[in-house]
Amino acid sequence: MKYVKDIALLLLLILSLNSCSKDNDEAAKDGNHSTFVLVHGAWQASFVWDKVKASLEADGNKVVLVELSGHGNDQTPVNEITFDGYVKQVTDVINSLNGPVVLVGHSLGGAIVTQAACKVPQKIGKLIYVAGFIPQSGSSVFDYSAKDKGTSIPSVLAFSADGSTVTIANPEVNMREVFCKDGSDEDIDLLVQKLRPEPVGAAGTPLNYSNEVYSTIANKYYIYTMEDKAISFPFQQQMVAEAHILNTYEIKSGHSPFLSKPGELVQILNTIIKK
């Protein structure tokens, strides 16, 4: 009799596990419970994603913010910061997570996620750029910024005496004018208070990735910021054409929609993960 009961319990356990597996599969098909890895850009840090992170997590997603070396609270010496180091930070995070991730990069972060995705293409469920740089292999972020005839960044830069870092001159004005024109006073105050000089070496390092591998990452998306003064809308369109990205969305915002229009950005991200 005990043997029969044991068999019955085993069957119930198997059925329960199968049911859970089906539920998880259905959730994945519905675009629910995705794992996001969000990478910030220059002169910012992971805090800029806080509003987006809160909304995505409220929907049941897992969200991991990458704090690049030398940004936010990280105190890595400037001479130890490299572009490859940034990429390794991202790939280390991705490799620590189960299953494919939704990898999102903003501005400088766009270049970082481009190279990172090519190192772990099997772990990339979706690759999303939010006003992100997409330099071709052999070119750097600085190279690409110099090609953008509509950017206001060069006019607001202030380099350190030794040329190792660059910051934003008159940040109380220029963080709004160039980076977050449509942000609230609180958003601008936050950007100004947390502004740190940007290491020059990383942004000046040419990317080195396989175009063939990049082309195999099918699920690539670009979110345009149409009123951007840091990376102009026309130049964003040019990079998207070069990268052969077919799936695009638009936000009528400046360079930092995660601060000024987080709800609209999250809505787009939710649309993308359900595809």
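Where a number appears in this text, it was derived from the coordinates with a stated rule and is not lab data. Computed from a predicted structure; not experimentally measured. Methodologically, a virtual Cβ is constructed for each residue, glycine included, from the backbone with ideal geometry; neighbour enumeration extends over all protein chains shown.
Couple of notes before you dig in:
- Förster radius 22 Å - calculated FRET efficiency between E212 and S139 (Cβ-Cβ, nearest 0.05): 0.80
- Global form of the chain, assessed from the alpha-carbon gyration tensor, a/c cut-off 1.5: prolate
- Coupling constants for the stretch 224-229 follow from the phi torsions by the Karplus curve (6.51 cos²θ - 1.76 cosθ + 1.60, θ = phi - 60°), and in residue order they are 6, 10, 6, 10, 6, 9 Hz; glycine and proline get x.
- Cα gyration tensor shape for the stretch 125-275, rounded if a/c is under 1.5, else prolate or oblate: oblate
- Helix 108-119 and the longest principal axis of the C-alpha atoms of the chain enclose an angle of approximately 40°.
- Label positions at N95 and N219, each projected 7 Å from the Cα along the C-beta direction, are separated by 2.2 nm.
- Estimated from the Cβ-Cβ distance and a Förster radius of 35 angstrom, the FRET efficiency linking E227 and N73 is about 0.70.
- Degrees between helix 2-29 axis and first principal axis of the chain (Cα, 0 to 90, nearest 10): 30
- Checked against a 19 Å cut-off, the cross-linked pairs K126/K194; K123/K275; K181/K261; K123/K220 give Cα-Cα distances beyond that limit for K126/K194.
- Karplus-derived 3J(HN,Hα), 6.51/-1.76/1.60, for each residue of the stretch 238-250, Hz, glycine and proline x: 5, 5, 4, 5, 4, 7, 6, 8, 9, 9, 10, 9, 10
- Ordering of 40-49, 263-272 by burial proxy (mean other Cβ atoms within 10 Å per residue, highest first): 40-49, 263-272
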